[in-house]
Amino acid sequence: MFINYYTPSKGGMETSVINLSKGLEKAGHEVYIFAPEYPNYKDEEKNIFRYKSIRFNYGGYFYVIPIPFGSKMKEIIKELKLDILHSHQPYSLGSEALKFSKELNIPLVFTYHIKYEDYSHYIPLVPGFIAKKYIRKVTVGYSNKCDNVIAPSTAIKKLLRDHKITAPISIIPSGINIDNFANATGQRDSIREKYNIKPEEIMLITASRLVEEKNIKFLIESFSLMKKKFANIKFMIVGDGAVKEDLEKRAKDLGLENDIVFTGLVNRTEIVSLYQSSDIFVFASHTETQGLVAVEAMAAGSPVVAIRASGIEDIVQDGEDGFLTSDSEEEFAEKVLQIAIDDNLRKKMAEKAKANSRKFEIAPWVEKIVELYESLRN
């Protein structure tokens, strides 16, 4: 596995790679991770190889960029006698994976985790339309050099074909450990007391990096409309990121500083308790290829209201375990309130959400990945 972000970083892509690696190991396979170094962090697990990296600041938060030049990874990979290389980005260490694939004649799989063009604003001093064009050229060119591209959803496969990716594409949704979220923690009362949320109040929750592309501001604006019609409701935003201060300011400007809770970063144990203490999960990102946080929330028993976008459409069954909406803040607020006000509907959708989340178990996901690997080895 080649990935540009890994532990101690805690994003969705990192979690996906961890889940896949552990699932493969549980099934009897050997997995090696190639990732960047992080300052003052040492791995406790085996089979992780770290590239030297540089650290940079973006919006007050620190990130790392791996430096592949001059590394001795080629010799290591030769010694490991790998059957498959699996890349999780089309640049940096993804380029390393492609180089080793060609030089050592090892099949290369690439998982298309995010819609890269939607991240064009991270390229400084370049107009958006130029950045998007460049990013598409890079991702399409990279994908077409791989032996197989994994699309997490049918919508993403269509998107990739529309972008002229001609390499074989397999639709394999990522999985999570459902039981980690489904097993009750029994902390609902204590969690609500900690965050000053009354037992009778409807609690909305979202979990995300607080960055521009996650569209959290849309959720805050929508919540302000809900609050005008239904006072007995609170909103919890879990996560941290470059736009957190802006979001807090917007909440205050709307007079919602006592109704919107910003938890900051929390550990994996607490996020389970937060999901299970909530009533409805809300999601507004356009950039996801799947949206595993929604699956996590569903497994914990939360219906989901989300903007209709690629990826999430394969998770939420509209009208069954939640609602899918347009970009309209009014429509979004209306659908959330429909669930919030109707106890019977909310309970019915919660049960459906739990049941439907089982489609995203790790074991079936790993089985499909192994089948793909085996087909490329033969």
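The values are calculated or read from the model by the stated rules, or taken from the named source; none is laboratory data. Everything numeric in this text was worked out from a predicted model, so none of it was measured. Because the Cβ atoms are built from the backbone with ideal geometry, glycine has one as well, and the counts that use them run over all protein chains shown.
Details
- Hits in the stretch 1-30 (condition: part of a loop (DSSP other than H, G, I, E, B), within 18 Å of Leu108 (Cα to Cα) and assigned by TED's automatic domain parsing to the domain that holds Gly94): His29, Glu30
- Considering the conditions (1) without any contact (Cβ under 8 Å) to a residue 24 or more places away in the chain; (2) surrounded by fewer than 19 Cβ atoms within 10 Å (Cβ to Cβ); (3) within 18 Å of Gln89 (Cα to Cα), Leu159 is excluded by exactly one of them, (1).
- Among the residues examined, Gly23 qualifies as surrounded by 12 or more Cβ atoms within 10 Å (Cβ to Cβ), out of contact with any Leu (no Cβ under 9 Å at 6 or more places or on another chain) and within 24 Å of Ser375 (Cβ to Cβ).
- Selection count where residues are within 18 Å of the chain's Cα centre (by Cα) and at negative phi, scope the stretch 245-272: 8
- For beta carbons closer than 6 Å, sequence separation of 6+ or different chains, a first residue in the stretch 326-342 that is closer than 10 Å to Met226 by Cα and a second that is surrounded by fewer than 18 Cβ atoms within 10 Å (Cβ to Cβ) and of a type in the set (Asp, Glu), the qualifying pairs are Glu329/Glu221.
- Hey, Ile54 modelled with pLDDT under 95 and part of a strand (DSSP E or B) or not: yes
Residues are listed down the side, and each one gets a yes or a no for (1) closer than 19 Å to Gly241 by Cβ; (2) of a type in the set (Ser, Thr, Tyr):
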residue	(1), (2)
Ile3	no, no
Pro8	yes, no
Phe34	no, no
Lys42	no, no
Ser53	no, yes
Val64	yes, no
Phe69	no, no
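- Tyr38 surrounded by 18 or more Cβ atoms within 10 Å (Cβ to Cβ) and not in a helix (DSSP H, G or I): yes
- Search result, residues across the stretch 290-338 that are among the polar types (S, T, N, Q) and within 18 Å of Ser153 (Cα to Cα): Gln290, Ser310, Gln317
- Every residue from the stretch 10-42 that is free of Cβ contacts under 8 Å to residues at least 40 places away in the same chain and hydroxyl-bearing (Ser, Thr, Tyr): Ser21, Tyr38, Tyr41
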